[in-house]
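Below is one structure, written out as structure tokens; comments come after it.
The values are calculated or read from the model by the stated rules, or taken from the named source; none is laboratory data. It should be emphasised that the depicted structure is a prediction, and the values quoted were computed from it without experimental measurement. Every residue, glycine as well, gets a Cβ built from its backbone with ideal geometry; the counts of neighbours run over all protein chains shown.
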Amino acid sequence: MLTSILSFLVLGTVLGVVYVLFSEGFSLLYGVAGVLNGAYGALYMVVDYAVFLFFFYLKLGAVASILLSLAFVAAVAFLAQKYVASRGRSPLEALFITLAFAFVLQYSVQFLQCSSAFPESCQYPAFVPVFITGSTSILGVSVFNQYVIADLVSVVVLVSVWLLLSRTRTGKGIRAVSQDHMAASLVGINPERAILITSLLAAVMAGTSSVFLASYQTVDPTIGWSVLTLAFAIVVIGGLGSLVGTVVASFILAFIRTYILLFVNPLLADFVSLALLIVVLLIRPQGIFGREVS
């Protein structure tokens, strides 16, 4: 019994830290741009396939494959924000445009995977290798070393983003835009530039979590939709635009999903996440830390 409880607590905490990383990127982008980016999950998927390409087909090293994949997804996010999402004249229109762009990315990857260049990959999902092998015992619970490193990297990235937002001129400009686009532009801050930088940060956060999590997932062109659903559930449950709420909701869902995976049925994990989202929307539509709009 004690072993089961410790497994639940340790694994839930380990998973929760990574959830914070990829959901904070989604929340940050919403807080600054005021748009729920429907292509966020597709960016997660693109990183997986980029790593697959660089590592297995181009025979690059693990570090080079990861860094190039993150650079590639940052470029895709930049172009998507500048030429796709920014064309939306309202948050709803921008959401639909980015969802359409997500489908474009998905079908593009499917086409390339089944093209003549990679014929042997057409009938099989891609996969991201386990870059860090072995396991570590935490309170008697065996945890994959890759998850341990994932948590450390997640903390480093989150702290770096926090320092950027709180200590640099660029970060202060991003925070000003998140509060009021017009007021920020009146004092010489370029809102479009702030949003573009934020989209780059969000893409790197999603990509970093993808590199570590995808090693233990089946990767296919549709994986982005389950990731987008989870990020959306976390952000809405925590409160749209609330970074603290996103942290709390990340751990809530991580523990719930860990419990389902360990003691119930793994197939119910996504169902429970959506069920909790519906309950929160019915009871407290603004989320746990969101403000009620009068």
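Take the residues of segment 135-171 that are out of contact with any Phe, Trp or Tyr (no Cβ under 6 Å at 6 or more places or on another chain), in contact (Cβ under 8 Å) with a residue 60 or more places away in the chain and of a type in the set (Gly, Ala, Ser): which is farthest from ALA194 (Cα to Cα)?
Top of the filtered list is GLY140.
Condition check: free of Cβ contacts under 8 Å to residues at least 40 places away in the same chain and in a helix (DSSP H, G or I). Does LEU11 satisfy that?
Answer is no for this residue.
Taking the criterion of being in contact (Cβ under 8 Å) with a residue 24 or more places away in the chain and within 11 Å of VAL211 (Cβ to Cβ), would at least one residue in segment 28-43 satisfy it?
Scanning segment 28-43, I find no residue that is in contact (Cβ under 8 Å) with a residue 24 or more places away in the chain and within 11 Å of VAL211 (Cβ to Cβ), so the answer is no.
For segment 225-249, how many residues meet the condition of being crowded, with 20+ Cβ neighbours inside 10 Å and either closer than 19 Å to VAL76 by Cα or free of Cβ contacts under 8 Å to residues at least 24 places away in the same chain (or both)?
Qualifying residue count for the region: 2.
Check whether at least one residue in segment 195-212 is among the aliphatic types (A, V, I, L, M), assigned to a helix (DSSP H, G or I) and farther than 21 Å from PHE78 by Cα, and report yes or no.
No - not one qualifying residue is present in segment 195-212.
Can you name the residue in segment 127-144 that is touching a strand residue (DSSP E or B) at 6+ places or on another chain (Cβ under 7 Å) and more than 15 Å from VAL17 (Cβ to Cβ) and is also surrounded by the most Cβ atoms within 10 Å (Cβ to Cβ) among such residues?
Top of the filtered list is VAL128.
Looking only at segment 87-116, which residues are of a type in the set (Ser, Thr, Tyr), surrounded by fewer than 17 Cβ atoms within 10 Å (Cβ to Cβ) and in a helix (DSSP H, G or I)?
Answer for segment 87-116, where residues must be of a type in the set (Ser, Thr, Tyr), surrounded by fewer than 17 Cβ atoms within 10 Å (Cβ to Cβ) and in a helix (DSSP H, G or I): TYR107, SER108.
Using the structure shown, decide if ARG257 is assigned to a helix (DSSP H, G or I) and either touching a His at 6+ places or on another chain (Cβ under 8 Å) or crowded, with 19+ Cβ neighbours inside 10 Å (or both).
Yes, satisfied.
Return the only residue of SER273, SER294 being small (Gly, Ala, Ser), outside any helix (DSSP H, G or I), surrounded by fewer than 24 Cβ atoms within 10 Å (Cβ to Cβ) and modelled with pLDDT under 85.
Going through SER273, SER294 in turn, just one is small (Gly, Ala, Ser), outside any helix (DSSP H, G or I), surrounded by fewer than 24 Cβ atoms within 10 Å (Cβ to Cβ) and modelled with pLDDT under 85: SER294.
Checking LYS82 against (1) closer than 24 Å to ILE234 by Cα; (2) in a helix (DSSP H, G or I); (3) out of contact with any Gly (no Cβ under 6 Å at 6 or more places or on another chain); (4) not aliphatic (A, V, I, L, M), only one condition comes out false. Which one?
Failing condition for LYS82: (1).
Tell me the residue from GLY38, GLY25 that is small (Gly, Ala, Ser) and not in a helix (DSSP H, G or I), please.
One residue alone meets the criteria, GLY38.
Counting just the residues of segment 185-224 that are of a type in the set (Gly, Ala, Ser) and surrounded by fewer than 20 Cβ atoms within 10 Å (Cβ to Cβ), which one comes out nearest to the chain's Cα centre (by Cα)?
Among them, the one singled out is SER185.
Return the residues of segment 145-164 that are closer than 14 Å to PHE22 by Cα and surrounded by 13 or more Cβ atoms within 10 Å (Cβ to Cβ); say none if nothing qualifies.
Answer for segment 145-164, where residues must be closer than 14 Å to PHE22 by Cα and surrounded by 13 or more Cβ atoms within 10 Å (Cβ to Cβ): ALA150, ASP151, VAL153, SER154, VAL155, VAL157, LEU158, VAL161.
Identify all residues within segment 24-50 that are of a type in the set (Ser, Thr, Tyr) and more than 13 Å from SER226 (Cα to Cα); write none if there are none.
Matches in segment 24-50: SER27, TYR30, TYR49.
Answer yes or no: is there a residue in segment 8-29 that is surrounded by fewer than 22 Cβ atoms within 10 Å (Cβ to Cβ), hydroxyl-bearing (Ser, Thr, Tyr), over 16 Å from the mean Cα position of the chain (by Cα) and over 22 Å from VAL155 (Cα atoms).
No.
Identify the residue in segment 276-291 that is assigned to a loop (DSSP other than H, G, I, E, B) and in contact with a helix residue (DSSP H, G or I) (Cβ under 8 Å, 6 or more places away or on another chain) and, among all such residues, is modelled with the lowest pLDDT.
Filtering first and then ranking leaves GLY290.
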